[in-house]
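Just below is one structure, and these are the notes that go with it.
The values are calculated or read from the model by the stated rules, or taken from the named source; none is laboratory data. For clarity, every value in this text was computed on a predicted model and none was experimentally measured. FYI the Cβ positions are ideal-geometry reconstructions off the backbone, even for glycines, and counts take in every protein chain you see. Accessible surface is based on the protein model in full, side chains and every heavy atom, while ligands, DNA and RNA are left aside. Shrake-Rupley method; radii C 1.70, N 1.55, O 1.52, S 1.80 Å.
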Amino acid sequence: MNPKQYLNLALRWWWVIVAGVVIGAIGGFVYSRFQDQIYESSTKILIMQSLENQASTVLTQSEQEFGTTFLELLVTRPIVQATAEKLGYSVSTSQINVSTVGAAQMIEVTAQDEDPQRAADIANTLVSTFLAQYDTIQSSRYTSSEENIQAQIQQVESQTTDLQGQLSSTSEKSVNDRIAVVNDVISGLQKEISDLEAEIVTSQYRTDLVQGYTASGLSMMVTPTATLDDLVTLTHNQTRLDELKSMLASYQKIYTDLSAAVDSGTISGGADVDKIQSALNLYQQIYSNLLSNYEAIRLARLQSTPNVVQVEEAVPARKPIQPNVERNILLGTIVGLVLSGAGIFVRELLDESIRDAETVSEALDLPVLGYIGEMNAKKGTLSGAYVIDEPRSPISEAFRSLRNNLDFVALDKPMKSILISSSGIGEGKTTIAANLALVMAQAGKHVVLVDADLRRPRVHDQLKLPNNSGLSDVMREYATIAEVAQTLEGTTLDVITSGALPPNPAEVLGSDRMAAVIKELENAYDVVILDGVPYVLADATILAGRVSGVLIVIRLRATPLSLAIEMVEQFERAGGNLVGVVLNHVLDRNGSAYSYALKGYSNYGYYIDPDKEKE
């Protein structure tokens, strides 16, 4: 279809489009009325990476993934459940939305609820809960080391105090007890060193694997959280291992000195006291190192932990975000427009009826002799005598054009008898037959209109004539043509109605008597117009072979093309002379080019409106 055809389609179905738009808009408004009011509040948090993380090449390359990790952590089930417990009512993840703002380090947390205050409370409580749990998680990585060092500090303090007390009164038993304690410490240090070395090997392997993925472009296969933990843990464990080895060496020196004092056999001697004093000095050195290590761990925790702060609190919203009445009405309007357009398109696609004269000319290979518009007969007038009641109407002019076209078709061989037929009932063949007969009579011809439909006669109804006797009486030789012919009042047109309906109309019309009646009518009149039955009945094909010409009536957008083609083929097989087609019920709004002919000459000043002339 070209753009003009789409425009014509829209003009023809404008009422469907308007109805679809109106219904869609009303539907959008009604939907808005039944929607619950939803309020939305937002808060923002800022993630500032630690100095240690910023210096890491891997973390710098994964900055976007780092921010994505926080997005996922904010809506985890433990965080949401803890938020609900604090608020005292249910909170679901569907109420919460998290997204980055600009760079990955700024995150916006949005909460929705039917109550504006609750929406703000959910957003703020969720963030505070997350910050508290996040601090706990980050601190737990160093808690074990801090607790171990604190225990060692207390142990060294106790041992230092004991050694200071033993300097004045040393004994072999007290020194042996001290040796046992030192030995236990050495064993514990050796085990801790062994475990730490194994953990370092594992962390080193995981870190190498992550860096290998990063170098090969597969960094998305490893989560940023795993990368961060492995790197920080590896660095911390290596530092801790060096500290433990140093402490182990100091304790082994203390063990050696105390063992040497016991082996000498004279604990109270000056040399042995010097060795104990040396062990005491080592304890004090260990104590100093432990304090230094403890502060180093605390500093490392602060340096390696990202700082997450809430930079903007959520406040209750003044207006709900749902329902958005304007948007819903607009969407409803669009949906109504699309659905109505789709319905029209589907109907047009599935419509196999004849839509224009071009289709008739191409598919049926017959000329279109007349375009008859929609007749709007006034109250009290006859549709069969429309050309008499409305002589200046465009419809009457269209019938005169049909009459002239028939004269041109029969220029070489005048047609004495014409059968009017159609593909089915309701296509207007009787109305066209009656008005065509009238305009021919107005042209000075002696015309007779015969109702040859012995199944469902309509001529007498349209012309308001009695049907006491007619064609069937002539066929049975109960009356002559002159006796049954009725002259329509105010005209020169003779009309022969159907008369009583026979039980076997096909046999009656196919008899030799019917052929003789047609011949007699052709001899008595200039033109014989027969209003026949639709082509699907045998009567039509019988009459088609006995008349001079067959005029087919097709109602636009009602007669299927396949049925019209079959009708033409059937009439041709019956030997009928198909002279042309009359398109009935042509409407101006179909947008076809030939519709302008229906406007008649009244639009150009050739005719004066009779109603206006009376004023």
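Going residue by residue through segment 394-413, is there one that turns out to be touching a Ser or Thr at 6+ places or on another chain (Cβ under 9 Å), outside any helix (DSSP H, G or I), at pLDDT below 90 and closer than 25 Å to Pro534 by Cα? Even if it seems obvious, please write down each step before you answer.
Step one: filter segment 394-413 for residues touching a Ser or Thr at 6+ places or on another chain (Cβ under 9 Å), giving 394, 397, 410, 413.
Filter once more, so that each one left must be outside any helix (DSSP H, G or I): 410, 413.
This time we only want the ones that are at pLDDT below 90, so: 410, 413.
If we keep only those that are closer than 25 Å to Pro534 by Cα too, we end up with 410.
Within segment 394-413, one or more residues are touching a Ser or Thr at 6+ places or on another chain (Cβ under 9 Å), outside any helix (DSSP H, G or I), at pLDDT below 90 and closer than 25 Å to Pro534 by Cα.
Which condition does Val387 not pass, out of (1) open to solvent by less than 20 Å² (accessible area, probe 1.4 Å); (2) under 26 Å from Arg546 (Cα atoms); (3) of a type in the set (A, V, I, L, M, F, W, C), if it passes all the others?
(2)
Somewhere in segment 454-463, is a residue closer than 19 Å to Ile418 by Cβ, outside any loop (DSSP other than H, G, I, E, B) and in contact with a His (Cβ under 8 Å, 6 or more places away or on another chain)? Quick ask: steps written out before the conclusion?
Filtering segment 454-463 for residues closer than 19 Å to Ile418 by Cβ gives 454, 457-459, 462-463.
Filter once more, keeping what is outside any loop (DSSP other than H, G, I, E, B): 459, 462-463.
Pick out the ones that are also in contact with a His (Cβ under 8 Å, 6 or more places away or on another chain) and you get none.
There is no residue in segment 454-463 that is closer than 19 Å to Ile418 by Cβ, outside any loop (DSSP other than H, G, I, E, B) and in contact with a His (Cβ under 8 Å, 6 or more places away or on another chain).
Tell me yes or no: at least one residue of segment 80-87 is open to solvent by 70 Å² or more (accessible area, probe 1.4 Å), modelled with pLDDT of 85 or more and closer than 30 Å to Val325 by Cβ. First the steps, then the outcome.
At the first step, the residues of segment 80-87 found to be open to solvent by 70 Å² or more (accessible area, probe 1.4 Å) are 81, 85-86.
Next cut, modelled with pLDDT of 85 or more only: 81, 85-86.
Adding the requirement that they be closer than 30 Å to Val325 by Cβ leaves none.
No, segment 80-87 contains no residue that is open to solvent by 70 Å² or more (accessible area, probe 1.4 Å), modelled with pLDDT of 85 or more and closer than 30 Å to Val325 by Cβ.
Being open to solvent by 20 Å² or more (accessible area, probe 1.4 Å) and either within 20 Å of Gly424 (Cβ to Cβ) or among the polar types (S, T, N, Q) (or both) is the filter here; which residues of segment 507-550 pass it?
Answer for segment 507-550, where residues must be open to solvent by 20 Å² or more (accessible area, probe 1.4 Å) and either within 20 Å of Gly424 (Cβ to Cβ) or among the polar types (S, T, N, Q) (or both): Ser511, Asn523, Val536, Leu537, Ala538, Thr541, Ile542, Ser548.
Just checking, how many residues over segment 414-428 are open to solvent by 20 Å² or more (accessible area, probe 1.4 Å) and at pLDDT 90 or above?
1
What residue, among those in segment 319-350 that are touching a strand residue (DSSP E or B) at 6+ places or on another chain (Cβ under 9 Å) and not polar (S, T, N, Q), is least open to solvent (accessible area, probe 1.4 Å)?
Pro323
If the requirement is being at negative phi, of a type outside the set (Gly, Ala, Ser) and open to solvent by 40 Å² or more (accessible area, probe 1.4 Å), which of these qualifies: Asn467, Asn435?
On the way: Asn435 fails: open to solvent by 40 Å² or more (accessible area, probe 1.4 Å).
Among Asn467, Asn435, only Asn467 is at negative phi, of a type outside the set (Gly, Ala, Ser) and open to solvent by 40 Å² or more (accessible area, probe 1.4 Å).
I'm told Tyr606 meets every condition in (1) assigned to a loop (DSSP other than H, G, I, E, B); (2) at pLDDT below 50; (3) open to solvent by less than 70 Å² (accessible area, probe 1.4 Å) except one. Can you identify the failing condition by its number?
(3)
Going by the conditions given, is Ser353 modelled with pLDDT under 80, in contact with a Pro (Cβ under 7 Å, 6 or more places away or on another chain) and open to solvent by less than 90 Å² (accessible area, probe 1.4 Å)? First the steps, then the outcome.
Working: modelled with pLDDT under 80: yes; in contact with a Pro (Cβ under 7 Å, 6 or more places away or on another chain): yes; open to solvent by less than 90 Å² (accessible area, probe 1.4 Å): yes.
Criteria met by Ser353.
Which residue pairs have Cβ atoms closer than 9 Å, lie 6 or more positions apart in sequence or on different chains, and pair a first residue in segment 519-548 that is part of a strand (DSSP E or B) with a second residue that is open to solvent by 40 Å² or more (accessible area, probe 1.4 Å)?
Val527/Pro414; Val527/Lys416; Val527/Lys445; Val527/His446; Val528/Lys416; Asp531/Arg458
I'd like the full set of residues that are closer than 14 Å to Ile344 by Cβ, modelled with pLDDT under 85 and either exposed (fewer than 13 other Cβ atoms within 10 Å of the Cβ) or more than 24 Å from the chain's Cα centre (by Cα) (or both), limited to segment 7-34. Before you say what the answer is, go through the steps one by one.
Start the filter on segment 7-34 by keeping residues that are closer than 14 Å to Ile344 by Cβ, which leaves 7-21.
Then drop every residue that is not modelled with pLDDT under 85, which leaves 7-13.
Leu7, Asn8, Leu9, Leu11, Arg12, Trp13, listed by residue number.
Filter segment 357-383 for residues that are over 19 Å from Ser401 (Cα atoms) and surrounded by 13 or more Cβ atoms within 10 Å (Cβ to Cβ); which is modelled with the lowest pLDDT?
So, considering only residues that are over 19 Å from Ser401 (Cα atoms) and surrounded by 13 or more Cβ atoms within 10 Å (Cβ to Cβ), the one modelled with the lowest pLDDT is Thr381.
Only one of these is at pLDDT 80 or above, under 16 Å from Gln310 (Cα atoms), open to solvent by less than 20 Å² (accessible area, probe 1.4 Å) and assigned to a helix (DSSP H, G or I): Thr110, Thr125, Thr129. Name it. Explain how you work it out, then say what you get.
Numbers: Thr110 fails: assigned to a helix (DSSP H, G or I); Thr125 fails: open to solvent by less than 20 Å² (accessible area, probe 1.4 Å).
Exactly one residue qualifies, and that residue is Thr129.
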